[in-house]
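Worksheet: one structure, shown below.
The values are calculated or read from the model by the stated rules, or taken from the named source; none is laboratory data. Owing to the predicted nature of the structure, the values given are computational and were not obtained by experimental measurement. Using ideal geometry, Cβ is built from the backbone for each residue, glycine included, and neighbour counts are taken over all protein chains shown.
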Amino acid sequence: MNADIIIGESSGAMIVGEFRPTYQNNKTIVTKGLGILKDTIIEAHYTQRDNHQALRDEMKMSGVEYGIGIDNNTGIIIDTKTYPKKYDVVGSGLVELIKKS
């Protein structure tokens with residue numbers, strides 16, 4: 001929690017949100033994440049798994065304000081002091097930041 005830089009891939013990226021999607025008996029449920037990104041849930045493999053609606057559903061389940069969808073071969077660089085107003089995207093895919101309201 002005191003690290004200057006945190007790098008996560010797939011589930012490692014998803015865990016940094018306040019909540020994270022997980023799966024039980026072929027059903028999506030939302031559980032607590034590490035809470036590094038407050039009021040946020042993250043969905044990996046966003047376009048590749050057609051998780052656009054899944055992210056929106058997970059936002060509703062968790063009640064968070066922000067959802068981040070991250071494609072394969074793509075990353076998002078976030079400074080927690082300026083998030084969600086400012087972030088950078090690296091790589092060849094899509095990063096989508098969705099605000100609830």
Pairs where the first residue, in the range 62-77, is on the phi > 0 side of the Ramachandran plot and the second is in a strand (DSSP E or B) and not hydroxyl-bearing (Ser, Thr, Tyr), C-beta under 6 Å, 6+ apart: Asn73/Gly91
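Across the range 25-49, what is the total count of residues that are among the aliphatic types (A, V, I, L, M) and more than 17 Å from Lys60 (Cβ to Cβ)?
4
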So which strands (runs of 3 or more DSSP E) are wholly in the range 2-101 and hold at least 3 residues that are surrounded by 14 or more Cβ atoms within 10 Å (Cβ to Cβ)? 17-24, 37-44, 66-70, 74-78, 95-99
Filter the range 80-101 for residues that are farther than 17 Å from Glu18 by Cβ and of a type in the set (D, E, K, R); the one that is modelled with the highest pLDDT is Glu96
Glu65 vs (1) modelled with pLDDT under 95; (2) under 19 Å from Lys100 (Cβ atoms): all pass except (1)
